[in-house]
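Down below is the structure, laid out as structure tokens.
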Amino acid sequence: MSTQYWCESAWVDGAFATGVLLTSDDTGTLTAVETGIASAPAGAEVVPGFTLPGGVNAHSHAFHRILRGRTHGDGGTFWTWREVMYSVAARLTPENYETVARAVFAEMLAGGYTSVGEFHYVHHAPDGTPYGARADAAPNVDAAPDAVASAGSDSGAHAMERALARAAASAGLRIRLLDTCYLTGGIDTELSAEQARFGDGTIDGYLDRHASLAADLAAEFPVGAPGESFVRLGAAIHSIRAVPAANLPRFTELTGPVHVHLSEQPAENEACEAAYGTTPTQVLERSGVVTTDLSAVHATHLSDDDITTLGQAQAAIVMCPCTEADLADGIGPARELADAGAIIAIGSDQHVVLDALRETQAMEAGERLRSGQRGRFSPAELIAALTEGGAKSLELPVGSLEPGKACDFIALRTDSMRTFGSVEEQVVLSATAADVHLTVSGGQVRVRDGVHTELGEISALYAEAFAALGLKG
């Protein structure tokens, strides 16, 4: 059986088109995309407004959403914000993390994203014991949430990773689970107590666990047709701080996307220069991992040579403008990177907002503020960053409305108080998540007018998530 959507207007082949008929098969894969169709055929759902390929959120830490609106009381810095983040990480169990992630992923869908790259490093119980390693462990349900997490409600090997995968699949969000290597607390520094659950001891420990995780996910979530495949595995280097340079060449043994936090803070660059005599980008380059499979997240504080290196490799650069502003990280050289040959993508990182339009607009706003020029990225380039750039970063069959890709799209109101009068694709500079009236993934409607079609009101999902963590909403 096929499903059809007739779109009043849509972004097809890099251009604004009207009367677009999308047809998907029973796997949720597009089989036909027709333009210039004057009216909807019988049985097709009519989609008003402007339809875009689903946004691709190329960088997410799901549990960071819990910090929204809770870290600003005393100003602080990136480093003090990180201490609050650790306190939330300590509360996570496989059970409550699935509840949290389900709410976050539902909000992503409502905000204009249909795919996510989940940069995941909370692998083990807080004391570093792998889940599945102690079958006799039983949590004390009357204990504080962090104590419960520490005791380990043992759900088998890879319990945290499988919880994230299940949450995404249940919400209908396509996920590339970026299994993150995190071995040191800083260059030549052991993991702190707060970081113990992130680590695998050695690079071999990480690679062994990664291979085992790949087998488990393939068994539970087999990859099939583009539209029906919601869970895929990838790899990540947390940062130059967290993985010794001597271990980096081992990532060339892996296939598929590799992500890394890169030069987010000046302090990271300074520590790297002191230890290795060069920048984080050049350390990666020496290790052989700067390729088309690499995605550099943030890439805020780069040298001219760094920009050239990343551009020549045609690496992806994942800009997270709202987080970078929230943490006072700075404004990265997105335009220069794109001009050098890099592929620009968008991420929401700590989810200051889960709004694909605001995030995309913020990248252009940052460019204007640092350059004193308007139109640093055209509306077409902004759409490409949100869709095709993220698809390239995560190596997913999404990012455009064309046969053979997943039937993933969002539809924007063009008649709201925010968007009324916007000309064609320029609506991406005026719309917000409030204008996303329909989100479809795998050919199925997931969110309609802000309500998840299966999970219900998203605010209620958050009430459940905060309660599961023992936190007040």
**Fill in**
Relative to the chain, whose Cα atoms define the longest principal axis, helix 356-371 and its Cα axis are tilted in degrees, nearest 10, by 80 degrees
**Asked** What percentage of the solvent-accessible surface of the chain, computed with a 1.4 Å probe over protein heavy atoms, is contributed by carbon and sulfur atoms?
**Response** 51 percent
**Prompt:** How large is the dipole of the chain about the Cα centre if only Lys and Arg carry +1 and Asp and Glu carry -1, each at its Cβ, rounded to the nearest 20 debye?
**Reply:** 520 debye
**Prompt:** Which residues' amide hydrogens lie under 5 Å from the amide hydrogen of His238, considering only partners 5 or more residues apart or on another chain, with H built in the peptide plane?
**Reply:** Cys181
**Label assignment, Rg and Dmax of the Cα atoms in Å derived from the structure, set [x] 25.1, 84; [y] 21.5, 67; [z] 25.0, 73** = [y]
**Message:** Nearest 10 degrees is fine. How inclined is helix 78-89 to the longest principal axis of the chain, computing both from alpha carbons?
**Reply:** 90 degrees
**Theoretical ellipticity at 222 nm over the chain - DSSP helices of four or more residues, -39500 (n - 2.57) apiece, nearest 500** = -9500 deg cm²/dmol
**Prompt:** Which ³J(HN,Hα) values, rounded to whole Hz and listed in residue order, are derived for the range 457-464 from phi using the Karplus coefficients 6.51, -1.76 and 1.60 in 6.51 cos²θ - 1.76 cosθ + 1.60 with θ = phi - 60°, glycine and proline given as x?
**Reply:** 5, 6, 4, 5, 5, 5, 4, 5
**Message:** Residue by residue through the range 374-381, what is 3J(HN,Hα) from phi via Karplus (6.51 cos²θ - 1.76 cosθ + 1.60, θ = phi - 60°)? Round to whole Hz and write x for glycine and proline.
**Reply:** 8, x, 5, 10, 5, x, 5, 5
**Message:** Helix 94-110 against the longest principal axis of the chain: what's the angle in degrees, Cα atoms only, rounded to the nearest 10?
**Reply:** 30 degrees
**Request:** Mind pulling the per residue volume of the convex hull built on the Cα atoms of the range 365-433? Å³ is fine.
**Result:** 115 Å³
**Request:** Report the calculated FRET efficiency for Thr129 and Asp339 (r = Cβ-Cβ distance, R0 = 56 Å), to the nearest 0.05.
**Result:** 0.70
**Asked** What order, most packed first, do the peptides 321-334, 289-302, 262-275 have when packing is the mean number of other Cβ atoms within 10 Å of each residue?
**Response** 289-302, 321-334, 262-275
**Asked** What order, most packed first, do the peptides 74-85, 419-430 have when packing is the mean number of other Cβ atoms within 10 Å of each residue?
**Response** 419-430, 74-85
**Prompt:** From the square roots a ≥ b ≥ c of the eigenvalues of the alpha-carbon gyration tensor of the range 430-473, which class results: rounded (a/c under 1.5), prolate (a/b over b/c), or oblate?
**Reply:** oblate
**Request:** Give the peptides 15-25, 176-186 in descending order of average Cβ contacts within 10 Å, highest first.
**Result:** 176-186, 15-25
**Item:** Placed amide H near Val447: partners under 5 Å, 5+ positions off or other chain
**Value:** Thr439, Thr453
**Request:** Please list the non-local residues whose amide H lies under 5 Å from the amide H of Val231, H modeled 1.01 Å from N, same-chain partners needing a gap of 5 or more.
**Result:** Ile175
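The values are calculated or read from the model by the stated rules, or taken from the named source; none is laboratory data. Small disclaimer: the values here were computed from a predicted structure and weren't measured. In this analysis, Cβ positions are derived from the backbone assuming ideal geometry, glycine residues included, and neighbour counts consider all displayed protein chains. We work out accessible area using only protein heavy atoms, side chains counted, and drop any ligands, DNA or RNA first. Shrake-Rupley method; radii C 1.70, N 1.55, O 1.52, S 1.80 Å.
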